Amino acid sequence: MGNAISCVPYSPTVENQVYLPSAFQESRTDVLHAMMRANPLATLVTVSEAGLVADHIPMQVRAAVPHGLLRGHVARANPLWRRHPAGQEALAVFQGPQAYISPSLYPTKRETGAVVPTWDYAVVHAYGSLRFIEDAAGLLELVSSLTDAHEASRATPWKVADAPTDYIDKMLGAIVGFEFSITRITGKWKVSQNRNAADQRGVIDGLRAAGDAQSQAIADLLATRGGSSGDRS
């Protein structure tokens, strides 16, 4: 597989990191992987001759050294696998739960009025290198593993082998797989840890009363990560 793109090697620096006050930092690999598995549709950001490109791809997370391995595939018609320079760093962004936080949830609003709205969320940024997979055996193993992972919770899981062999062979010819070796990873859990204990309780109660899954998830994260800090974002 040829790649004619010439690109200056990318060197990560502090400036390339997401803005991350210490109160919101999450660095535990098992916690980060769990969030990625629960939200497998990632935004894969790569560099081409035209500039930055974003693709939205469901990925499987596997434990590996140093920070894990992501696996997925794209349509063969997608130029990603041809245009991405070998050795160039890529970024996979996994968006976890998110919720708008109204100032009305804070007891501080009633006491001083000195409050403003914010947005709480959890996100994982995984940086690493891409290796593309084109051989039939490798692709079959890849799609079978991805399928098994996503079908596991179903009462009657669908298997790749359930489809006709000639049909699967045709479908495999229309995709290119990839493995994304994670070289560094950052988690940002911004879930109102910077508020005082009373305001945090107000956020938890308000989000749980909202009843939707996203609000409930943020409330659960805050309930397990509460702790006041001066950092704000």
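The table below lists the values:
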quantity: Residue match in the range 192-205 (condition: buried (at least 18 other Cβ atoms within 10 Å of the Cβ), assigned to a loop (DSSP other than H, G, I, E, B), out of contact with any Ser or Thr (no Cβ under 7 Å at 6 or more places or on another chain) and not basic (Lys, Arg)); calculated: yes
quantity: Complete set of residues in the range 156-191 that are within 21 Å of residue 139 (Cβ to Cβ) and part of a strand (DSSP E or B); calculated: 175, 176, 177, 178, 179, 180, 181
quantity: Selection count where residues are in contact with an Asp or Glu (Cβ under 9 Å, 6 or more places away or on another chain), surrounded by 15 or more Cβ atoms within 10 Å (Cβ to Cβ) and within 21 Å of residue 54 (Cα to Cα), scope the range 99-137; calculated: 8
quantity: Scope the range 43-90; condition out of contact with any His (no Cβ under 7 Å at 6 or more places or on another chain), of a type in the set (Val, Ile, Thr) and in contact (Cβ under 8 Å) with a residue 12 or more places away in the chain; matching residues; calculated: 45, 47, 53, 57, 74
quantity: 1 or more residues at pLDDT 95 or above, of a type outside the set (Lys, Arg) and farther than 28 Å from residue 171 by Cα: qualifying helices (runs of 4 or more DSSP H) within the range 1-119; calculated: 29-38, 107-111
quantity: Matching entry among 22, 27 (being of a type in the set (S, T, N, Q) and out of contact with any strand residue (DSSP E or B) (no Cβ under 8 Å at 6 or more places or on another chain)); calculated: 22
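The values are calculated or read from the model by the stated rules, or taken from the named source; none is laboratory data. As the structure is a prediction and not an experimental result, all values here were calculated from the model. Note: ideal-geometry Cβ built from the backbone for every residue, glycine included; neighbour counts use all protein chains shown.
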